[in-house]
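Reading through the structure tokens given below for one structure.
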Amino acid sequence: MAVLPILKAPDPRLKTKSKPVAQVDEGVRKLVADMIETMYAANGIGLAAIQVGIPKRILVIDLAREGEAPNPQVFINPEILEQSEDLATYEEGCLSVPEHYAEVVRPATVRVRYLDGQGEIREQEATGLLATCLQHEMDHLDGVLFVDHLSLVKRSVILRKLAKAKKLATV
Ligand code: GNR
Ligand code: NI
């Protein structure tokens with residue numbers, strides 16, 4: 001297992017549309033294990049493969065709180081089957097948009113179909129933080145960041161600060 005470096009915006013790779021996984025094989029299982037380790041090391045509740053530079057439709061989520069037993073959930077090739085009309089607002093952050101947080105409105109409940117870490121097909125209905133996190137991660141698979149849900153003004157402020165921070169870091 002390995003902790004992988006996480007891409008930070010603005011990085012053009014974060015805009016990639018990730019490709020479906022053809023087969024859940026040894027290579028995919030190794031990547032999933034590395035993604036879980038990377039998510040824990042970064043104190044995140046979710047991670048999409050593109051955040052570590054791999055354009056595959058894979059995401060991991062663990063909503064267990066500190067002191068609770070770890071509960072990593074693996075979603076491969078996830079698809080939204082249904083989404084509620086009622087909406088929920090959460091303050092979102094992103095490991096690829098460090099130190100910026102903003103309220104994002106999304107469907108409150110989603111039903112998803114996906115392959116689990118064993119390659120078994122599954123369906124799950126998600127509400128609350130899991131619904132938000134799943135949609136945030138699934139956005140990554142299509143090259144979308146939470147800031148893309150904000151007004152142009154809010155998005156520009158955040159992206160300009162990140163570009164500046166990146167510039168300072170590389171001098
Ligand atoms: O760690 C994370 N926290 C978070 C909080 C609210 C809504 C979504 C998230 S996901 C984020 C980790 C991340 O960037 N996943 O892509
Ligand atoms: Ni994110």
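The values are calculated or read from the model by the stated rules, or taken from the named source; none is laboratory data. Since the model is a prediction, treat every value here as computed from it, not as a measurement. Because the Cβ atoms are built from the backbone with ideal geometry, glycine has one as well, and the counts that use them run over all protein chains shown. The protein model used for the area step is the full one, side chains on, heavy atoms only, and it has no ligands, DNA or RNA in it. Shrake-Rupley method; radii C 1.70, N 1.55, O 1.52, S 1.80 Å.
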(Q) Residue under question is I121, and the condition is that it be within 12 Å of ligand 2 (Cβ to nearest atom) and either in contact (Cβ under 8 Å) with a residue 60 or more places away in the chain or open to solvent by 30 Å² or more (accessible area, probe 1.4 Å) (or both); does it hold? (A) no
**Q.** Selection count, the range 17-44, where residues are within 19 Å of F75 (Cβ to Cβ) and in a loop (DSSP other than H, G, I, E, B)
**A.** 10
(Q) Of the residues L47, L14, only one is in contact with a His (Cβ under 9 Å, 6 or more places away or on another chain), at pLDDT 95 or above, part of a helix (DSSP H, G or I) and not β-branched (V, I, T); which? (A) L14
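Of the residues P20, P78, P5, which single one is within 16 Å of ligand 2 (Cβ to nearest atom), touching a residue at least 40 places away in the same chain (Cβ under 8 Å) and touching a strand residue (DSSP E or B) at 6+ places or on another chain (Cβ under 8 Å)?
Details: P20 fails: within 16 Å of ligand 2 (Cβ to nearest atom); P5 fails: touching a strand residue (DSSP E or B) at 6+ places or on another chain (Cβ under 8 Å).
Testing whether each residue is within 16 Å of ligand 2 (Cβ to nearest atom), touching a residue at least 40 places away in the same chain (Cβ under 8 Å) and touching a strand residue (DSSP E or B) at 6+ places or on another chain (Cβ under 8 Å) leaves just P78.
Taking the range 140-171 only, how many residues are open to solvent by less than 30 Å² (accessible area, probe 1.4 Å) and more than 16 Å from I76 (Cβ to Cβ)? Please lay out each step first, then the result.
The initial filter retains those residues of the range 140-171 that are open to solvent by less than 30 Å² (accessible area, probe 1.4 Å), namely 140-141, 143, 145-147, 150, 158, 162.
From what is left, the residues that are more than 16 Å from I76 (Cβ to Cβ) are 143, 145-147, 150, 158, 162.
Result for the range 140-171: 7.
Return a yes/no flag: does the range 50-57 have any residue that is part of a strand (DSSP E or B) and within 22 Å of E79 (Cβ to Cβ). Before you say what the answer is, go through the steps one by one.
So in the range 50-57, the residues part of a strand (DSSP E or B) come out as 56.
Now narrow it down to the ones that are within 22 Å of E79 (Cβ to Cβ): 56.
Yes, the conditions are met somewhere in the range 50-57.
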Q.
When the residues of the range 58-102 are narrowed to those that are open to solvent by 60 Å² or more (accessible area, probe 1.4 Å), in contact with a Phe, Trp or Tyr (Cβ under 9 Å, 6 or more places away or on another chain) and outside any loop (DSSP other than H, G, I, E, B), which ends up farthest from ligand 1 (Cβ to nearest atom)?
A. E79
Q: Go through (1) buried (at least 19 other Cβ atoms within 10 Å of the Cβ); (2) closer than 19 Å to D148 by Cα; (3) away from ligand 2 (no atom under 14 Å from the Cβ); (4) of a type outside the set (G, A, S) one by one and return the number of the condition L47 breaks.
A: (3)
Q.
For the range 16-43, which positions are open to solvent by 20 Å² or more (accessible area, probe 1.4 Å) and within 14 Å of the chain's Cα centre (by Cα)?
A. T16, K17, I36, Y40, A42, N43
Q) Here are V110, V105, V52: which of them is farther than 17 Å from L4 by Cα, without any contact (Cβ under 8 Å) to a residue 60 or more places away in the chain, within 15 Å of ligand 1 (Cβ to nearest atom) and open to solvent by less than 40 Å² (accessible area, probe 1.4 Å)? A) V110
